[in-house]
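Trainee: Here it is, the structure in full.
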Amino acid sequence: MRTSRTLPVLGAALLALPLLAACGSKDSTGSGSDKVAITATDTACKVAKTELKAGQTSFAITNKGDKVTEVYVYGEHDGAYTRVVTEVENIGPGISRDMEVKLGGGTYEIACKPGQTGDGIRQKITVEGAKADEEAGKSYDREVEVEAKEYALEGLDKFTAKAGEKIEFKLENKGTTEHELEIFGPDGKEVGEVSPVKPGATGEAVIALAKPGTYTYKCGIGDHADKGMKGSFTVS
Ligand SMILES: [Cu+2]
């Protein structure tokens, strides 16, 4: 009785071995369906794996901090990690979100931004493989933060850009009434806008600054521009 029971068990164990081996090798490739965990807290941005293979990559973000956070993947632009490859915003405390992105070969920085402001806490990652054509994806050269309040738009006084840059304008409304940000090219025509943002909220728009010259901006709501919510910047 004993020997006849042992044999089928052994057979099942042998059959299971190749399956286990297949799972193991898939986990070690660093690509495919495996998710790379990002643990964000108010003081840290822990990325489970910092060496990845080029291609479609999934990050599983968990916010273990007390503040609302956002996570960015930055590529290099003129020697600095300012080019936004992708981002996930408004991740509340205790919340998990996935971030999907196609990464080409190169180095990147992942930033967690507790409180959704500033440069964030950064972790460099290296991606091995062919460089990607990122034009097709959601990509822009860099972002600039603008603060709106009654009655000023702050953050663009020292801003300049090069013709052809794609900039994400991020408007944080720190006032007590709605504000917006309209941007006009050198010919006076509107090139884009961040639509009205409620007090305490943030809005954004990616705007291409195609031509060189002097651009002007304003809040187009009521008489806000006349009260001071306007200005200009140079694109060279
Ligand atoms: Cu306004």
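The values are calculated or read from the model by the stated rules, or taken from the named source; none is laboratory data. Bear in mind that the values here come from a model prediction, so they are computed numbers and not experimental data. Note that each Cβ is placed from the backbone with ideal geometry, even for glycine, and that neighbours are counted across all protein chains shown. Note: accessible area is taken over every heavy atom of the protein model, side chains too, but ligands, DNA and RNA are not part of it. Shrake-Rupley method; radii C 1.70, N 1.55, O 1.52, S 1.80 Å.
Trainee: Is the stretch 219-236 home to any residue that is within 12 Å of the ligand (Cβ to nearest atom), assigned to a strand (DSSP E or B) and in contact (Cβ under 8 Å) with a residue 60 or more places away in the chain?
Mentor: Yes, the stretch 219-236 contains at least one residue that is within 12 Å of the ligand (Cβ to nearest atom), assigned to a strand (DSSP E or B) and in contact (Cβ under 8 Å) with a residue 60 or more places away in the chain.
Trainee: Tell me the strands (runs of 3 or more DSSP E) entirely within the stretch 138-215 that contain at least 2 residues that are away from the ligand (no atom under 16 Å from the Cβ) and surrounded by 16 or more Cβ atoms within 10 Å (Cβ to Cβ).
Mentor: Counting at least 2 such residues, we get 142-149, 165-173, 190-197, 202-209.
Trainee: Scan the stretch 136-176 residue by residue and report those that are over 12 Å from VAL235 (Cα atoms) and small (Gly, Ala, Ser).
Mentor: If the condition is that a residue be over 12 Å from VAL235 (Cα atoms) and small (Gly, Ala, Ser), then ALA136, GLY137, SER139, ALA148, ALA152, GLY155, GLY175 are the ones that fit.
Trainee: Kindly list the number of the only condition in (1) within 25 Å of the chain's Cα centre (by Cα); (2) in contact (Cβ under 8 Å) with a residue 60 or more places away in the chain that fails for ALA210.
Mentor: (2)
Trainee: Okay, next question. Count, please, the residues in the stretch 90-124 that happen to be open to solvent by 30 Å² or more (accessible area, probe 1.4 Å), in a strand (DSSP E or B) and in contact (Cβ under 8 Å) with a residue 60 or more places away in the chain.
Mentor: 5
Trainee: GLY79 - would you say it is open to solvent by 40 Å² or more (accessible area, probe 1.4 Å), closer than 30 Å to PHE169 by Cα and at pLDDT below 95?
Mentor: Considered against the rule, which asks whether it is open to solvent by 40 Å² or more (accessible area, probe 1.4 Å), closer than 30 Å to PHE169 by Cα and at pLDDT below 95, GLY79 comes out as yes.
Trainee: Could you please find all residues in the stretch 39-52 being surrounded by 15 or more Cβ atoms within 10 Å (Cβ to Cβ), in contact (Cβ under 8 Å) with a residue 60 or more places away in the chain and outside any loop (DSSP other than H, G, I, E, B)?
Mentor: Passing the criteria: ALA40, CYS45, LYS46, VAL47, LEU52.
Trainee: Shifting gears a bit: Scanning for something over 19 Å from GLY220 (Cα atoms), touching a residue at least 24 places away in the same chain (Cβ under 8 Å) and not assigned by TED's automatic domain parsing to the domain that holds LYS102, does the stretch 149-160 turn up at least one residue? Lay out the reasoning, then the answer.
Mentor: Here is the first cut: in the stretch 149-160, the residues over 19 Å from GLY220 (Cα atoms) are 158-160.
Next cut, touching a residue at least 24 places away in the same chain (Cβ under 8 Å) only: 159-160.
Applying the additional criterion that residues be not assigned by TED's automatic domain parsing to the domain that holds LYS102 yields 159-160.
So far as the stretch 149-160 goes, yes, one or more of its residues are over 19 Å from GLY220 (Cα atoms), touching a residue at least 24 places away in the same chain (Cβ under 8 Å) and not assigned by TED's automatic domain parsing to the domain that holds LYS102.
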